[in-house]
1. Report the full-extension gain for the segment ARG40 to ASP198: residue separation times 0.36 nm, less the Cα-Cα distance, to one decimal in nm.
2. Among the DSSP beta bridges whose two residues both lie in the range 1-145, what percent are antiparallel, rounded to the nearest 5?
3. How large is the dipole of the range 154-282 about the Cα centre if only Lys and Arg carry +1 and Asp and Glu carry -1, each at its Cβ, rounded to the nearest 20 debye?
4. So, in the range 57-144, how many Lys pairs have Cα atoms under 17 Å apart, if the pair is 8 or more places apart or on different chains?
5. Residue-wise, which Karplus ³J(HN,Hα) couplings in Hz belong to the range 32-40, taking 6.51 cos²θ - 1.76 cosθ + 1.60, θ = phi - 60°, and x for glycine or proline?
6. Please work out, to two decimal places, the log10 of the ratio I(q)/I(0) at q = 0.09, 0.11, 0.12, 0.13 Å⁻¹ from a Debye calculation in which every Cα of the chain carries one identical scatterer.
7. Which whole number in µm²/s is D for the range 52-176 by Stokes-Einstein, with the Kirkwood Rh taken over Cα pairs at 20 °C and 1.002 mPa s?
8. How high is the relative contact order of the range 141-282? Use alpha-carbon pairs under 8 Å, at least six apart in sequence, and give a whole percent.
Amino acid sequence: MNISLCTITFRHHLMSLGEIAAWAQSNDFQGIELWGAHARNLAQQPDRNADWLDTFGLKVPMLSDYLPLDGDPETLRHKTVELCRLARRWRTRKIRTFAGNRGSLSVCEEERQLIVDRLKEICAIIAGYGIRLLVETHPKTLADTAASTLRLIEEVDHPAFAINFDTLHVWEGGDDPIIVHRQMKQHIRHYHLKNVRDRSDLQVFEPANVYAAAGSRDGMTPLFEGTVDYVDLLLEIADGEQIDASLEWFGNDCLDILRRDRRQLRRVIERQEPVRRAINFS
């Protein structure tokens, strides 16, 4: 299992990508998942690219961005091509986005079809670059439940279309992540790993809160100290072909938390003495 950290973790920190890369290298990470905003800003530094990151023994497994699926179609095409060019610079073959910004129960069939058609168009564009489009399982999108996500996979029906499996959000949608994982395993190309203290704390991950420098971080927990039990899921997804996953931490004390989570993650995957199990998926 290749484990990455996310540059979005450092959205409010005065750390350069070089400092992040050096820290990642010394703490057993294999990659750095680049936030789209960071990738665009780094375009002004031509010496920062995949070759440079290779010197740290790291790769960029995925660019994570937010394509405006329900906006102007020409703007969408322009942003898609821009991301593809950035992906080439960092030698990654995965771009992450959300399936719109409204939940599956909040849209009519016409609105859903618009998002599906836009996803198909994006897939046609990025396939020409040898890239896959990954839609993240996420609330307030068309991938907010297992049923809607599986339906979306059938509707888009494109070889360049895949899933970024955010375990916490699958659980948030009311589904058992292990069962859902087995249902859509063949379509999953990346995993986001994070946890929360209790279901009542899920609002802490609302975008308006997460992206605010003064937003609350109360309820965010280290990976193995929250309500979602990751041990069985990690053993299942690690028991097979090599996969990519990212520790997605939005809270405080990021270096300490990421270091500890990475260490415990290795112990679980290597089936050493297990860490404390959290509450199960029910």
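Where a number appears in this text, it was derived from the coordinates with a stated rule and is not lab data. Because the structure is a prediction, the values reported are computed rather than measured. Backbone-built Cβ (ideal geometry, glycine too); neighbour counts: all protein chains shown.
1. 53.4 nm
2. 0
3. Result for the range 154-282 is approximately 580 debye, rounded to the nearest 20.
4. Values: LYS59/LYS94; LYS79/LYS94; LYS79/LYS120; LYS94/LYS120.
Pairs that pass both the separation and distance tests number 4.
5. The phi angles translate into 10, 7, 8, 5, x, 4, 5, 4, 5 Hz.
6. -0.40, -0.61, -0.74, -0.88
7. 144
8. 23
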